[in-house]
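Here's the structure, in structure tokens; my notes come after.
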Amino acid sequence: IFSPTVDGQADPGDEWDVAGYYEVRGGAQARAEDVVAALYYGYDAKHLYFRLDARQNWVDLGGPLYAGLYFSLPGAEATIPFSRLGANTEPKTLLGFQASHLAEVTISDGRASANLLTADKLGNWANPQTLQEVAVEGKVLEWAVPFDLLGDVEPGDILNMVAVVSLGDRDVQK
């Protein structure tokens, strides 16, 4: 449990040292267009926190750029198995689970904005709610999702999560 300042800053020995962490490694499946180097995540009593570190500065990647964290919540009324943009391409971008929520950051013209979207029964990502805490600086992108926007999340609930980065109208990394 931690409460980082969402400011786009990440220094060794900082608040994110206690977060969950997933490092994206190279290897046989690495692709030149891969954008993300690492995902950090955590929470406090009021928010889920996310940080994506890019291989190069986020604003230098072109735009519009979308960084989405898809997750499932128990008891959701509707779910979608595809990413928002990947649902309209071939092959479709499968998430690996049925997602109920999308916390998506848009980076355009050097600025970041974020929304929380929910799956509707027609298979669309709908009902965007503005997320106030979002920051991008250099290779660091951070944002927070208030629990009160997610509905009934209980201690012990299991949340599946996957990050998808899209450039323009296509997904480039999952």
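The values are calculated or read from the model by the stated rules, or taken from the named source; none is laboratory data. Please read these numbers as outputs of a predicted model, since none were measured by experiment. Neighbour counts run over all protein chains shown; Cβ positions are idealised from the backbone, glycine included. Side chains are part of the model used for accessible areas, which takes the heavy atoms of the whole protein and leaves out ligands, DNA and RNA. Shrake-Rupley method; radii C 1.70, N 1.55, O 1.52, S 1.80 Å.
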Checked pairs for the range 1-19, first farther than 11 Å from GLU142 by Cα, second assigned to a loop (DSSP other than H, G, I, E, B) and open to solvent by 60 Å² or more (accessible area, probe 1.4 Å), C-beta under 8 Å and 6 or more apart or across chains, list as ILE1/ALA45; GLU15/SER3; GLU15/THR5
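Any residue in the range 85-98 that is polar (S, T, N, Q) and modelled with pLDDT under 90? Talk me through it step by step, then tell me what you get.
Filtering the range 85-98 for residues polar (S, T, N, Q) gives 88-89, 93, 98.
Remaining after also requiring modelled with pLDDT under 90: 88-89.
Looking through the range 85-98, at least one residue is polar (S, T, N, Q) and modelled with pLDDT under 90.
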All conditions in (1) buried (at least 18 other Cβ atoms within 10 Å of the Cβ); (2) not in a strand (DSSP E or B) are true of GLY123 except (1)
Filter the range 151-171 down to the residues that are at pLDDT 90 or above and open to solvent by less than 50 Å² (accessible area, probe 1.4 Å) and list them by number.
VAL162, ALA163, VAL164, VAL165, SER166
Which residues, taken from the range 68-117, are touching a Phe, Trp or Tyr at 6+ places or on another chain (Cβ under 8 Å), open to solvent by 20 Å² or more (accessible area, probe 1.4 Å), among the polar types (S, T, N, Q) and outside any strand (DSSP E or B)?
THR93
Within the range 127-150, count every residue that is among the β-branched types (Val, Ile, Thr) and either open to solvent by 50 Å² or more (accessible area, probe 1.4 Å) or farther than 30 Å from ASN57 by Cα (or both).
1
Pick out the one residue from GLY96, GLY123, GLY156 that is free of Cβ contacts under 8 Å to residues at least 12 places away in the same chain, over 28 Å from VAL59 (Cα atoms) and small (Gly, Ala, Ser).
GLY156
Does GLY42 meet the test of being open to solvent by less than 30 Å² (accessible area, probe 1.4 Å), in a loop (DSSP other than H, G, I, E, B) and not hydrophobic (A, V, I, L, M, F, W, C)?
no
